[in-house]
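What follows is a short report on a single structure.
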Amino acid sequence: MHEEVAAYALGVLDEEDIEAFERHLDGCESCRRELKEFAEVPGQLDELKHLPSASEDDPPRSMSR
Amino acid sequence: MCPVLSHLDGRFESADAEAEHRIAVLYQEFGGPLLRHIRKSTGNDLQWAEDVVQETIVRAWRNSARLQWEPSLIWAWLLTVARRIVIDGRRRRSVRPHEVEPPEVDMLAVPDGSERALSAIVVAEALRSLSEEHREVIEQTYLRDRTISEAAEILGIPPGTVKSRLYYGIRALREHLRDKGVAG
Ligand SMILES: [Zn+2]
């Protein structure tokens, strides 16, 4: 359950898991601490959207290299 | 106990008046900062951003018995809830904002020298420093607005594995950013 804190902080936890995780959060000091820390992460990842892609017109490349 | 939510009991003639006051207090405390945060993710759509803030505050009020936390944790909770409302809203509108497809981290242009581009470069570097498995789950969830189960299906791995990789990937990302002096 603890590991769900990352998905929760990023807002990607599935709807049906959210309530159970919030109940866990009520009783879990370490997840509350990590939620505070991870709350910064979406804003940091959003910075990537301000970067122009070097070659937007190229065909998409595979994620794996 | 959170001072924002805890000092109101027993001062109101009706439950409605108390609810109204609690919502007003939440707005006063968190409304402005929340709006500034949300505007970015709504592509500067002020009307939409205001709706999201309102819904977030109402949910916070409904959860106020639960949210007996200190303000910084309430703030984290509000950000998470607001972000989720924005993502759900995008789906309902079926409007995919143009920036939803993230640039591939290893194809990024030279920064233009602004502070923003600089920190974007640092974040891109941090992402690139992660293992393939960790980078992949961050890309397939947050950066593409997908939930855990959607990403699990695309990647062909169990949802539990996605959650776990996301957790350790985010920890590694934070560590890298902390080394660069970006994160607290
Ligand atoms: Zn926990």
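Worth pointing out:
- Being at pLDDT below 95, more than 7 Å from chain A (Cβ to nearest Cβ) and under 21 Å from A:A6 (Cα atoms) is a condition met by no residue of segment B:130-142.
- Any hit, segment B:154-173, residues being open to solvent by less than 30 Å² (accessible area, probe 1.4 Å), at pLDDT below 95 and of a type in the set (F, W, Y): no
- Scanning segment B:4-31 for residues being at pLDDT 80 or above, out of contact with any Leu (no Cβ under 7 Å at 6 or more places or on another chain) and surrounded by 11 or more Cβ atoms within 10 Å (Cβ to Cβ) gives a total of 9.
So that you can scan it fast, the table gives a plain yes or no per residue for (1) among the hydroxyl-bearing types (S, T, Y); (2) near the ligand (Cβ under 9 Å from one of its atoms); (3) closer than 12 Å to B:T80 by Cβ:
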site	(1), (2), (3)
A:H2	no, yes, no
A:A9	no, no, yes
A:L13	no, no, yes
A:L25	no, yes, yes
A:C28	no, yes, no
A:K36	no, no, yes
A:D46	no, no, no
A:K49	no, no, no
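- Residues of segment B:137-153 satisfying the condition of being within 18 Å of A:D17 (Cβ to Cβ) and either open to solvent by less than 50 Å² (accessible area, probe 1.4 Å) or not basic (K, R) (or both): B:V137, B:Q140, B:T141, B:Y142, B:D145, B:T147, B:I148, B:S149, B:E150, B:A151, B:A152, B:E153
The values are calculated or read from the model by the stated rules, or taken from the named source; none is laboratory data. Please read these numbers as outputs of a predicted model, since none were measured by experiment. Heads up, the Cβs are rebuilt from the backbone with ideal geometry, glycines too, and the neighbour counts pull from every protein chain shown. Remember, those area values only see protein heavy atoms, side chains included, never the ligands or the DNA or RNA. Shrake-Rupley method; radii C 1.70, N 1.55, O 1.52, S 1.80 Å.
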